[in-house]
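Note sheet for the following structure.
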Amino acid sequence: MIQIYQYAVAALFIEAIVIFFYFQKKSLPTFQNIVFLIILSVITLATVAELGAGYLEEHSKEMSPNLLCVVECIYFTLNTSFGFLFTIYSFSAFDIYGKLKRRTIHALQISILIPYFLGVLIIWLTPILKDVYVLVFSFDPVNGYQRGNNIWFYAICFTKAFYILLTFIVIIIFYKVIPHSKLQILYFYLIVVSSTALIQLFKYGLLVESFGMALVTLVYFFFIQKPEELVDTATYTLNQTALLRTLRYNLSIGKNFSCIAIYVDDTMFIANTFGINQMNNFLTDVGNFLKQNFSYANVFSRQQGCFCIVLRDCNEQKLNEVISVLNHRFQKAWERDNVELKLYIRLCIIHCPADANSAEEIIDIVNMISTDERYRQSVVFASEIDLNYRRRSIYIEHALRNGLTENRFDVFYQPIWSTSEKKLIGAEALIRLKDDQGHFISPEDFIPIAEKTGAILRIGEYVFESVCLNLSQIDIEEYGIKKIDINLSVAQCMQEILAEQILKIQSIYKVPTSVINLEITETAAAHTPEILLKNMQDLAAAGFELSLDDYGSGYSNMSYMLNLPFKMIKIDKYIVWAAFSDKRAEKALEATIRMIKSIGMTVLAEGVETPEQAEWLTNSGCDFLQGFYYSRPIPKKEFLAIMKKTAEDSKSGEKNN
């Protein structure tokens, strides 16, 4: 049979180009990269085998039948292997395994393996049974090489078609999560491989199938096989995308493995002292050390100064060896460009799936250890970690991120009672946050997290602007509102432009400054005395009332009252409650109120819950009272309704008198 070799020769040329560029790229030994290299080797050998088989078929009468059989079997095996390997590669490249359940993964693996091994078995039984039965091909002295026109030959063809069909089914199931550009490459693979296989099936002698495989490999190499996408450019280790894929795959196939997170401390100090480039150089050296010493595992870089090693079937002895190697190296200094530096590390050991059964949970643990001060010891085991606390924190962080953009924040008002006027004269503005389901999250939970993430600055500005907007929409005198207290966070007080921002918002809404009382905690006063003093002087000069909030809960330093322009002191609710259960606390509170009054300041007591407390605090000289006895924090509409009724009752009482 006459063979047309041009397409196979062109395929060899394409494969040579791909091989050249493959080894030009910096490829790490990931599963995807290894499979692609195997595919590249297989199609190159398949093309060579196809050319050799074609030549031998043309000269079959002159060649040894045994040599012909071996070459043909090699060609058919390699040709069948292409579809098998390309299916595995596609599932890895498109992260299909990470989207399936464990049982589905096992069923899929079996469905991929069985047709391949059955096909290879049929191919290699052909020369063994050639004298008894024709399977895939045959030779005879008269006709030379002949393809088997039977079920066995078409079973081999079906094996190739099966992998094309399986890929098509995957496209249908996962087309929503596969990027559009990658879907187009999959369509290209299906069309080219199936069409060239059909052409060669019906026009045997036109060696076009290897050309189709080479063309598909070339396109995949340039558009899908991008090892740089999985590499951290700073340390040349695998990045977080690669880490997530690896974790999902290992979890999906049910393998026991350990993820060891390595935290290099003080990276910010290194960057500030030696520069970012030098810090990256040191981290690159750390990454190289990890790759060299743990070549049997994958090494990942999560973020600046955090590496992860994923070890399969890691027993206690192996784990201790890893910890020993790490500790031994980091006890010595690192040298780079005549700079010698001692790096300190912390380790977190996560056994999976015992400690975490999803990639996201593992990343949560890694993140938690890097930021939580409670876990700053040299080695931490994930089994010792308070994951419920972390999950709650993540849930609140999510609610905070979406709070302002999705209008989930609201300002509530807790009314304030004037002991001299014997009526409500205003309120404290308090921020409230709802989650995705509309449930309130306690400020005691989200305020500390907002302060840590920096969201408190936006929240503080939102509260102040909301109060100004609400006051600008009503007649303040008609509602009898004489003061609205607004808290300033520590982070706000640390800003040099605080006074400028507040005055800008106040001027927009034209709210009288005398109505607004800005509350500052003792903690803020302790953190930024110079900046705070300048801001307070500017705000006091503009007419704002300033008060020291939660007095007694923090440092209780007299210098804050004497040196900062406060007009009012708010007694912390815990001090008030203690006074009604302990005689010494009662005497201390009584003396505190007298002392504050004697230096010309007014006093507000928080946490008033009973008439006895209200009477005692009034008799002790408190000017204002606030607590559940008068009202819980309520929405704006309810607060305004209460204030309007109070104002009307007050006017009615004045007329009657």
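The values are calculated or read from the model by the stated rules, or taken from the named source; none is laboratory data. The model shown is predicted, which means the values in this text are computed figures rather than measured ones. As a convention, Cβ positions derive from the backbone with ideal geometry for all residues, glycine included, and neighbour counts pool all protein chains shown. Note: areas computed on protein heavy atoms with side chains; ligands, DNA, RNA excluded. Shrake-Rupley method; radii C 1.70, N 1.55, O 1.52, S 1.80 Å.
A few notes on this one:
- Some residue of segment 217-234 being within 22 Å of E321 (Cα to Cα), touching a strand residue (DSSP E or B) at 6+ places or on another chain (Cβ under 7 Å), surrounded by 16 or more Cβ atoms within 10 Å (Cβ to Cβ) and among the β-branched types (V, I, T): no
- Identity of the residue in segment 618-637, in a helix (DSSP H, G or I) and in contact (Cβ under 8 Å) with a residue 60 or more places away in the chain, that ends up nearest to T602 (Cα to Cα): T618
- Across segment 607-623, the number of residues qualifying as of a type outside the set (G, A, S), buried (at least 17 other Cβ atoms within 10 Å of the Cβ) and within 47 Å of the chain's Cα centre (by Cα) comes to 1.
- Condition met for L68 (within 25 Å of F158 (Cβ to Cβ), aliphatic (A, V, I, L, M) and touching a strand residue (DSSP E or B) at 6+ places or on another chain (Cβ under 8 Å)): yes
- If you filter segment 410-424 down to residues that are surrounded by fewer than 21 Cβ atoms within 10 Å (Cβ to Cβ) and not basic (K, R), you find that the one that is farthest from K644 (Cα to Cα) is D410.
- Residue check for S210: surrounded by 19 or more Cβ atoms within 10 Å (Cβ to Cβ), not aliphatic (A, V, I, L, M) and not in a helix (DSSP H, G or I): no
- Leading residue by the ranking (surrounded by the most Cβ atoms within 10 Å (Cβ to Cβ)) among those in segment 454-473 that are within 17 Å of D485 (Cβ to Cβ) and among the charged types (D, E, K, R): E465
- Among the residues of segment 296-308, the ones that are free of Cβ contacts under 8 Å to residues at least 24 places away in the same chain and not aliphatic (A, V, I, L, M) come to 1 in all.
- Any hit, segment 52-68, residues being closer than 19 Å to V219 by Cα, open to solvent by less than 20 Å² (accessible area, probe 1.4 Å) and modelled with pLDDT of 85 or more: no
- Among the residues making up segment 365-383, those that are open to solvent by 50 Å² or more (accessible area, probe 1.4 Å) and either in contact with a helix residue (DSSP H, G or I) (Cβ under 8 Å, 6 or more places away or on another chain) or touching a residue at least 24 places away in the same chain (Cβ under 8 Å) (or both) are R376, Q377, S378, F381, S383.
- Screening the candidates L183, L190, L244, L198 for the property of being within 29 Å of F82 (Cβ to Cβ), open to solvent by 40 Å² or more (accessible area, probe 1.4 Å) and assigned to a helix (DSSP H, G or I) yields one hit, L198.
- Selection from segment 152-172 of residues that are closer than 16 Å to F86 by Cβ and touching a residue at least 60 places away in the same chain (Cβ under 8 Å): T159, K160, F162, Y163, I164, L166, T167, V170
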